[in-house]
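Student: Take a look at this one; I'll ask things after.
The values are calculated or read from the model by the stated rules, or taken from the named source; none is laboratory data. Everything numeric here is computed off the predicted structure, so don't read it as measured data. Note: ideal-geometry Cβ built from the backbone for every residue, glycine included; neighbour counts use all protein chains shown. Side chains are part of the model used for accessible areas, which takes the heavy atoms of the whole protein and leaves out ligands, DNA and RNA. Shrake-Rupley method; radii C 1.70, N 1.55, O 1.52, S 1.80 Å.
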Amino acid sequence: MGHWSVTRFSCSQKARGLSLFGAALLGVAGCGSPASDEAAAGTARSALASAAPTAQVQRGTSFAPQHAIVRTFDEIVAADKARLASPLRVAPAVLPERISSGSASESAASPSVAAAPSAGAASGAPSPAPAASFLAAEDSGWIPPDTDGAVGPNHLVVAENGRVRFQTRTGVTLNDFTLEGFFSPVDSAGFIFDPRATFDPFSNRFVIIALDNEDPATSTIAIAVSQTSDPTGSWNFFGLHADPNNLGWADFPKLGWNSRWVVISANLLGGPDPGVVFACDKAALYAGTASCRRFVTPNFSAPAVVYDASVSTEYIAHNQDPFSAGTVAIDTITGPVGSEVFTENAGIITLPATWSTFGPNAPQSDIPETIETDFDAAVASLVYRNGSLWGTQSAYLPTESPTRSSVQWWQVSPSGAVQQFGRIDDPSGQLFFAYPSLAVNANADVLIGYARFSAAQHPSGNYSFRAGTDAPNTLRSDTVLKAGETSYFKDFGSGRNRWGDYSATQVDPVNDIDLWTIQEYAASPANTWGTWWGKLVPSADTGCTEATATDLGAPGNAVTVPNDGCVRVRDGYPFWWGTRSMSLQTMSPGVYPVPFTWSNTCASGQGTGTFTGNFQSQNFGPTSSACATVIDLQGNGSGTIILRYFGI
């Protein structure tokens, strides 16, 4: 596929920092001077201070797409080849860099996940190593890549500025398209940007969206829906005019869905309405037609992916205060398809700690140029699962005078109760974290992917994991998915060294357990980016430690544990008495097979295996009064088992 250098800069970068009422109060149709922006921001803060977060209800307007076009895979390939042969367009003019509250140049400490106790903390356990880790895509010539992707049962889809790529689940590239070539059925201006991708496991469809043009008269939200779970088949394409009044253009979309709708939110810049939300009839969209309802909103919001087919409410989250945050507001879409009701501020959630939505750039090793972190600490991703909403976003700390960028996550009830809250943060200010995304599986295991920066490393793609059984408000260790390979500075003369603007994390539709993330990293040669896939298998996690294990007791004793339980073997026999063996006896209903891993705390051994029948023996060891063997049972069934061991 073709590669070229395209600069995508716009006043939207200012507007992204002024979500909620800020963009409207500042009238962001152009970019002013830093002094004028700060003065206007003061006015906006005063206005917000007196704004009561009361619920507002609107029924929106019915909205039909401009296009409803079906393309076979061969037609998409042919259109992409034709687009590559055409002259390439130049992106909009470069605009001034956003206001920065400073930079950091300290040498980074070792990786850590830390926070004040009220804001969550590290559990002490390591995050599991990736079960798969491989290249998603090379630098396409755009800055930033707007990293996104989706995981299907047999394929991966990478959607980034300049590129759509189809891969196998092992990373083999099947097809490459330019972003403009892929969306050529609905591309009116030849400038497609800000792609998003998702996979709907209830309907087995990929959905990719992107934005077309920055002219209010032609600004379009382009939508592509695969007709099956195979992206190399036919697709349905649609185009939604962002503003029928031709006053604003769409920027920075976000994508969600539930049992009834595919929901798209976006900034709406230049006009009187800062934001727009489209709720599109999912059944009609997947059938090749489309009927949407359009709502305007003063917020920069994130719609949820709702992993409960029985839930008809769609949830949308945004910061209540765009300047110094501490509360998150929940909007809802309810009602029957075709008569949707949008309720703004249906719930207001006060989180345990505050944060700033603006902060400094991040340092990197080898060169003095810093890297832009997130722009407004908006809610980056939102998941509804088992009665809870899970969200993540960047957070600049400390609140009053930020010196670093952190990532925070939360679990809340739709009614407003805070269930968990935590942060990935380095209080020393040496490590910066930004551009997070989050996924939650059927067991309430959580994966958060994000970028990490410091003066002692090249920009890397990282992640942190939490098992559903871990202590509340905790994450496991910050872990490198793909280390940065060299320094990064690419600004096309603008002075702005951009990263992000986002990343993607998703649960695996094959088993609803495994978790995937796609992250950006600094690639080789210098001043190029790449993106990287990582897959985690929570059943192979390392959360089973000596401290958390159930002691099996003396030889001959037995203990009943869940299939995903954790036991340790420690006895008073001398080390040289040899190994112990363990026999397995099931209890009704019993579930086979039961995989396990084992490790010896004196680092003298480790291994894996699978219990498959009654009274099966497996040797572990050595065990003694000084060294325990820890066995992590990884079954996902509902039965229980009895483990007993005896000395040889």
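Student: Report whether or not Gly429 is open to solvent by less than 20 Å² (accessible area, probe 1.4 Å) and either outside any strand (DSSP E or B) or of a type in the set (Gly, Ala, Ser) (or both). Break it down stepwise before answering.
Tutor: Values: open to solvent by less than 20 Å² (accessible area, probe 1.4 Å): yes; either outside any strand (DSSP E or B) or of a type in the set (Gly, Ala, Ser) (or both): yes.
So Gly429 fits the description; yes.
Student: I would also like to ask the following. Only one residue in Asp321, Asp376, Asp366 is farther than 25 Å from Val440 by Cα and touching a Leu at 6+ places or on another chain (Cβ under 8 Å). Which one?
Tutor: Numbers: Asp376 fails: farther than 25 Å from Val440 by Cα; Asp366 fails: touching a Leu at 6+ places or on another chain (Cβ under 8 Å).
Only one candidate qualifies: Asp321.
Student: Let me ask something else. Go through the range 395-411 and give me each residue that's over 17 Å from the mean Cα position of the chain (by Cα) and outside any loop (DSSP other than H, G, I, E, B). Walk me through it before giving the result.
Tutor: Narrowing the range 395-411 to residues over 17 Å from the mean Cα position of the chain (by Cα): 396-404.
Tyr396, Leu397, Arg404 - these are the residues of the range 395-411 that are over 17 Å from the mean Cα position of the chain (by Cα) and outside any loop (DSSP other than H, G, I, E, B).
Student: Looking for whichever is closer than 20 Å to Val440 by Cβ and at pLDDT 95 or above here; the options are Arg196, Arg205, Arg165. Which one fits?
Tutor: Selected residue: Arg196, the only one of Arg196, Arg205, Arg165 that is closer than 20 Å to Val440 by Cβ and at pLDDT 95 or above.
Student: If a residue counts only when it is of a type in the set (A, V, I, L, M, F, W, C) and buried (at least 23 other Cβ atoms within 10 Å of the Cβ), which strands (runs of 3 or more DSSP E) contained entirely in the range 123-237 have at least 3 such residues? Write out each step before concluding.
Tutor: Details: elements: 132-138, 149-151, 155-160, 163-168, 173-177, 192-200, 205-212, 220-226.
Counting at least 3 such residues, we get 155-160, 192-200, 205-212, 220-226.
Student: Test Asn319 against the criterion of being out of contact with any Cys (no Cβ under 7 Å at 6 or more places or on another chain), polar (S, T, N, Q) and under 27 Å from Gly60 (Cβ atoms), and give yes or no. Please lay out each step first, then the result.
Tutor: Working: out of contact with any Cys (no Cβ under 7 Å at 6 or more places or on another chain): yes; polar (S, T, N, Q): yes; under 27 Å from Gly60 (Cβ atoms): yes.
Yes, satisfied.
Student: Inspect the range 514-537 for any residue being modelled with pLDDT of 90 or more and in contact with a helix residue (DSSP H, G or I) (Cβ under 9 Å, 6 or more places away or on another chain) and give the result as yes or no.
Tutor: Yes, the range 514-537 contains a residue that is modelled with pLDDT of 90 or more and in contact with a helix residue (DSSP H, G or I) (Cβ under 9 Å, 6 or more places away or on another chain).
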